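The structure under discussion appears below in the form of structure tokens.
The values are calculated or read from the model by the stated rules, or taken from the named source; none is laboratory data. The model shown is predicted, which means the values in this text are computed figures rather than measured ones. We place every Cβ from the backbone using ideal geometry, glycine too, and count neighbours over all the protein chains shown. The accessibility values were calculated without ligands, DNA or RNA, using every heavy atom of the protein model including side chains. Shrake-Rupley method; radii C 1.70, N 1.55, O 1.52, S 1.80 Å.
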Amino acid sequence: MTAEPPAWSGPAAARRWQAWLDRTSLIRTADILAALIAASLPWSTTVPAIFTGLWLLAVTPTIDWRDCARSLAGPAFALPFAFLLLAVVGTLWSDGAWADRLHAIRPVAKLVLIPPLLYHFRRSERGTWVFLAFLASCALLAIFSWVVLLHPAWKITATASAGVPVKNYIDQSQEFTLCAFALALPALGFWRARQVAAMLTCLALILLFLTNMVFVASARTALVCIAVLLVLFAWRHLSRRAALFLLAGAVAASALAWTASPYLRQRITDISVEYQHGHEDISRASTAQRLTYWRKSTLAFIEAPLFGHGTGSIKRQFERAAVGASGLGAEIVSNPHNQTLNVAVQWGLIGVALLYAMWLAHLRLFTGEGLAAWIGLVIVVQNIASSLLNSHLFDFHEGWMYVLGIGVAGGMALRANAERGNNAAS
């Protein structure tokens, strides 16, 4: 009899080795592409979409479909697909135009990238690349923001706000808020470890982001998020005494910012002006607009509380409410600037329950310790808080921040939990 060649030699083994090398190379390529998505997100809408398509092409051949199917049993993986299914089925009972129905599916569709991102970064060791790429890109944007404040001709696009090189001040503020609080935990860790240089670097970056929002451009929604995230950080990572010191320092810093920044004072005092005079002057009606949108959306929800009016029906409901009205009452929009009402009008209590279940499932990914868990927690809480005043989960920029952040941080957290479990078992 002829002895069989060893399993690790011969053409078959060479093919297996080559396949393993190709898979490893594709995983590394997917990691690089994810970092490029994060780096381009603060600057563009088209470029991240291109890199996302390339990421899907790179990652798809590396997926173990049986393992992936088992993962879908978890709520964090399954609920984005359930949300998309509801949006697709919801077109059947919508009274909106078909163009509006199909357009309303797109903001929900991006959520289904969360499961493959979770799956990929649960096995990858390079999730930190994505966060560093986003941080570096936002730091560059913050510096450039100061430059265009002094030299407006240097703007990349014709934005509506001074000191905003690209996109708008809302997107920019949400980015800077996320980066500032993502750095808070490393700064605390370096301080406790007596690594002064690293701590000062983190604090310098935090100061770069916060001073930009105080003196250059800030969204009032971001200021609400800062207050919420500050309390979250104190509760999650500080002793009671340290938390009181931090909150007292935050109050003192806020008072100093109020005194030193005419821009910040105007942003806050404009709330009252917008409420009082918004009905007469729509150009200064941000606060009054939101209240009007919320009232109309609530009335539309009451009309169809269980299943809503269907996918893409918001514009149609505002058209109905505008009949015979004038001023703000005659405005027709497709976004009520509140995530819960956005969902409630289209899919009723069923949709709201699904939205909250998804937020809760993603929050539960980040109950552990470590940087990934903290960043993921900040992303979910920021999205929930900002969605009180906007439909940020469905907005392009903030929605992609959520999708990419939850996918990467969630995968890293799942990997860390699995490693802790294996160490405990051994």
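Points worth noting:
- Filter pass, residue 44 being out of contact with any helix residue (DSSP H, G or I) (no Cβ under 6 Å at 6 or more places or on another chain), open to solvent by less than 30 Å² (accessible area, probe 1.4 Å), modelled with pLDDT of 90 or more and not aromatic (Phe, Trp, Tyr): yes
For every residue, the table says whether it meets (1) within 26 Å of residue 33 (Cα to Cα); (2) at pLDDT 95 or above; (3) of a type in the set (D, E, K, R).
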site	(1), (2), (3)
336	no, no, no
353	no, yes, no
357	no, yes, no
401	yes, yes, no
405	yes, yes, no
421	no, no, no
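- Qualifying helices (runs of 4 or more DSSP H) (wholly inside the stretch 150-232; at least 2 residues being surrounded by fewer than 20 Cβ atoms within 10 Å (Cβ to Cβ)): 184-192, 196-215
- Residue match in the stretch 110-132 (condition: over 22 Å from residue 407 (Cα atoms) and aliphatic (A, V, I, L, M)): no
- Hits in the stretch 72-119 (condition: closer than 25 Å to residue 58 by Cα and either of a type in the set (Lys, Arg) or open to solvent by 60 Å² or more (accessible area, probe 1.4 Å) (or both)): 72, 73, 81, 106, 110
- Criterion (at negative phi, open to solvent by less than 40 Å² (accessible area, probe 1.4 Å), in a helix (DSSP H, G or I) and free of Cβ contacts under 8 Å to residues at least 60 places away in the same chain) met by exactly one of 381, 345: 345
- Given (1) surrounded by 15 or more Cβ atoms within 10 Å (Cβ to Cβ); (2) modelled with pLDDT of 90 or more; (3) farther than 22 Å from residue 303 by Cα, number of the condition residue 61 does not satisfy: (1)
- For the residues 242, 300, 248, the requirement of being out of contact with any His (no Cβ under 6 Å at 6 or more places or on another chain), farther than 20 Å from residue 206 by Cβ, of a type in the set (A, V, I, L, M) and at pLDDT 90 or above singles out 300.
- Contact annotation: residue pairs with Cβ atoms under 6 Å, 6 or more positions apart or on different chains, pairing a residue in the stretch 320-334 that is polar (S, T, N, Q) with a partner that is open to solvent by 40 Å² or more (accessible area, probe 1.4 Å), are 334/315.
- Within the stretch 313-337, considering residues that are open to solvent by 20 Å² or more (accessible area, probe 1.4 Å) and in contact with a Lys or Arg (Cβ under 8 Å, 6 or more places away or on another chain), the one farthest from residue 385 (Cα to Cα): 321
- Any hit, the stretch 300-315, residues being assigned to a helix (DSSP H, G or I) and either within 17 Å of the chain's Cα centre (by Cα) or under 22 Å from residue 404 (Cα atoms) (or both): no
- Taking every residue in the stretch 158-174 that is at negative phi and pairing it with any residue that is in a loop (DSSP other than H, G, I, E, B) and open to solvent by 20 Å² or more (accessible area, probe 1.4 Å), at least 6 positions away or on another chain, the pairs with Cβ-Cβ distances below 6 Å are 165/155; 165/156; 166/43; 166/156; 166/157; 169/161.
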